[in-house]
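**Student:** Next up is a structure, given as structure tokens.
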Amino acid sequence: FGFADPPLHDPCAVAYVIAPQLFKVKHIRVDIETQSPLSAGQTVCDMYGTTGRPPNCKVAMAVDVPAFWRLMLAAISAADAVSPLNRGSAATKRK
């Protein structure tokens, strides 16, 4: 799809729940193809409203990338600080 870096769909979905202000979204019609043997399961987005069907989904079009990574790294750091996997490890002793 021409991405310079791999997409992070799941982390972005969680980040949107936590901090929706980081995202620019567009309310559009989204359906899932279930009839075609060639494209079963394909997500179909009516970006231009050509179907006349009402919008049913918010689709993220852009994200504040630096703020997204600050949020992600803070969450990872907070989880690491309380992880039982770190108890008694060399990493814990260095802190």
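**Student:** Report, to two decimal places, the Cα Rg of the chain normalised by 2.2 N^0.38 Å (N = number of residues). Could you put the intermediate results ahead of the total?
**Tutor:** Details: Rg = 19.3 Å, N = 95, 2.2 N^0.38 = 12.4 Å.
Scaled against compact globular proteins, the figure is 1.56.
**Student:** Hey, for a label at residue 70 modelled as a point 7 Å past Cα toward Cβ, could you say which residues of region 1-23 have their backbone N under 18 Å away?
**Tutor:** 12, 15-23
**Student:** Whole-Hz Karplus ³J(HN,Hα) for region 43-52, in order, using 6.51 cos²θ - 1.76 cosθ + 1.60 and θ = phi - 60°, x for Gly and Pro?
**Tutor:** 7, 10, 10, 8, 5, 10, x, 6, 7, x
**Student:** Taking amide hydrogens as modeled 1.01 Å from N in the peptide plane, which residues meet the under 5 Å criterion relative to residue 25, leaving out close sequence neighbours?
**Tutor:** Result for residue 25 returns 61.
**Student:** Mind checking the dipole of the chain: about its Cα centre, +1 per Lys or Arg Cβ, -1 per Asp or Glu Cβ, Debye to the nearest 20?
**Tutor:** In total the dipole reaches around 520 debye.
**Student:** Highest mean first, what order results for 54-61, 75-82 on Cβ atoms within 10 Å?
**Tutor:** The peptides rank, most packed first, as 54-61, 75-82.
**Student:** Please calculate how many Å² of accessible area the chain carries per residue, with a 1.4 Å probe and no DNA, RNA or ligand atoms counted.
**Tutor:** 80 Å²
**Student:** To continue, here is another question. Which distance in nm do the two modelled labels at residue 19 and residue 44 give, with both placed 7 Å along the Cα-to-Cβ direction?
**Tutor:** Roughly 3.7 nm, to one decimal.
**Student:** For residue 57, which sequence-distant residues (separation of 5 or more, or a different chain) have an amide H within less than 5 Å of its own amide H, given hydrogens modelled in the peptide plane?
**Tutor:** 28, 30
**Student:** Given an 8 Å cut-off on Cα distances and at least 6 residues of separation, report the relative contact order of the chain as a percent.
**Tutor:** On the way: 77 pairs, mean separation 24.8, N = 95.
This gives 26 percent for the chain.
The values are calculated or read from the model by the stated rules, or taken from the named source; none is laboratory data. Just so it is clear, the model here is predicted, and its values are computed rather than measured. Backbone-built Cβ (ideal geometry, glycine too); neighbour counts: all protein chains shown. Accessible surface areas use protein heavy atoms only, side chains included; no ligands, DNA or RNA. Shrake-Rupley method; radii C 1.70, N 1.55, O 1.52, S 1.80 Å.
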